[in-house]
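What follows is one structure encoded as structure tokens, with my remarks underneath.
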Amino acid sequence: MSAQVPTLGRIVWVTTPSAINGQKEHAAIITQVWNDDMINAYVMPGSGSPMVMGSIYQEGHPSAGDTRWRWPPHVPPSKPSKG
């Protein structure tokens, strides 16, 4: 399987340096792709006002700071129960 690349409209998780209502990780929609490691995103905290964040580096990039993005984990579909 090839590596995922960021594209407009995809969902990612953005980590913020300060907690918003007890959480530092938030769902976000990619609004601009600068390259495979840097994006702009519309960040949606679980509670609180959405915010626009720009030039966010992917987690693990040497320039990533306290604000960074990553792919959500893959969750395979559950198997239907027999019965």
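The values are calculated or read from the model by the stated rules, or taken from the named source; none is laboratory data. Nothing here was measured: the structure is a model prediction, and the numbers come from that model. Note: ideal-geometry Cβ built from the backbone for every residue, glycine included; neighbour counts use all protein chains shown. With ligands, DNA and RNA removed, areas are computed over all heavy atoms of the protein, side chains included. Shrake-Rupley method; radii C 1.70, N 1.55, O 1.52, S 1.80 Å.
If I build a Gaussian network model for the chain, linking alpha-carbon pairs within less than 10 angstrom, which residue out of Gly60, Gly46, Gly22 has the largest mean-square fluctuation?
Result for the chain, Cα springs under 10 Å: Gly22 fluctuates most.
Take the solvent-accessible surface of the protein heavy atoms, probe 1.4 Å, and return the percent of it on the chain that carbon and sulfur atoms account for.
Values: 3030 of 5650 Å².
On the chain, the fraction of accessible area on carbon and sulfur atoms equals 54 percent.
Find the accessible area per residue for the chain; the probe is 1.4 Å, ligands and nucleic acids are left out, and the unit is Å². Intermediate values should be presented prior to the final figure.
On the way: 5650 Å² over 83 residues.
Normalised by residue count, the accessible surface of the chain is 68 Å².
Quick one: net charge of Gln58's neighbours, Cβ under 15 Å, K/R +1, D/E -1? Spell out each step's value before the answer.
Working: positive: Arg10, Arg68, Arg70; negative: Glu25, Asp36, Asp37, Glu59, Asp66.
Its environment carries a net charge of -2.
Relative contact order of the chain: what whole-number percent is it, with Cα pairs under 8 angstrom and at least 6 residues apart? Write down the numbers at each step before the final one.
Details: 153 pairs, mean separation 21.4, N = 83.
For the chain, the relative contact order is 26 percent.
Between Ser49 and Trp71, what FRET efficiency comes out of the Förster formula 1/(1 + (r/R0)^6) with R0 = 22 Å and r the beta carbon distance, rounded to 0.05?
Values: r = 25 Å, r/R0 = 1.12.
Taking R0 as 22 Å, the efficiency between Trp71 and Ser49 is 0.35.
Using only the Cα atoms of the chain, what do you get for the radius of gyration and for Dmax, in Å?
Computed over the Cα atoms of the chain, radius of gyration and Dmax are 14.6, 52 Å.
Which loop chymotrypsin sites (Phe, Trp or Tyr not before Pro) in the chain, with loop taken from DSSP, have no more than 14 other Cβ atoms within 10 angstrom of their Cβ? Walk me through the numbers before you get to the answer.
Values: sites: Trp13, Trp34, Tyr42, Tyr57, Trp69; in loops: Trp34.
Listed in order of number, the matching sites are Trp34.
Could you calculate the FRET efficiency of Ser63 with Ser18 from 1/(1 + (r/R0)^6), where r is the beta carbon distance between them and R0 is 25 Å, rounded to 0.05? Let's see the in-between values first.
Details: r = 20 Å, r/R0 = 0.80.
My answer for the efficiency is 0.80.
With a Förster radius of 25 Å, plug the Cβ-Cβ distance of Ile29 and Ala3 into 1/(1 + (r/R0)^6) and report the FRET value to the nearest 0.05.
0.80
Please state the charge dipole magnitude for the chain, taken about the Cα centre, from unit charges on C-beta atoms (+1 on K and R, -1 on D and E), reported in debye and rounded to the nearest 20. The partial results should precede the final answer.
Working: 6 positive and 5 negative charges, 83 e Å.
For this selection, approximately 400 debye.
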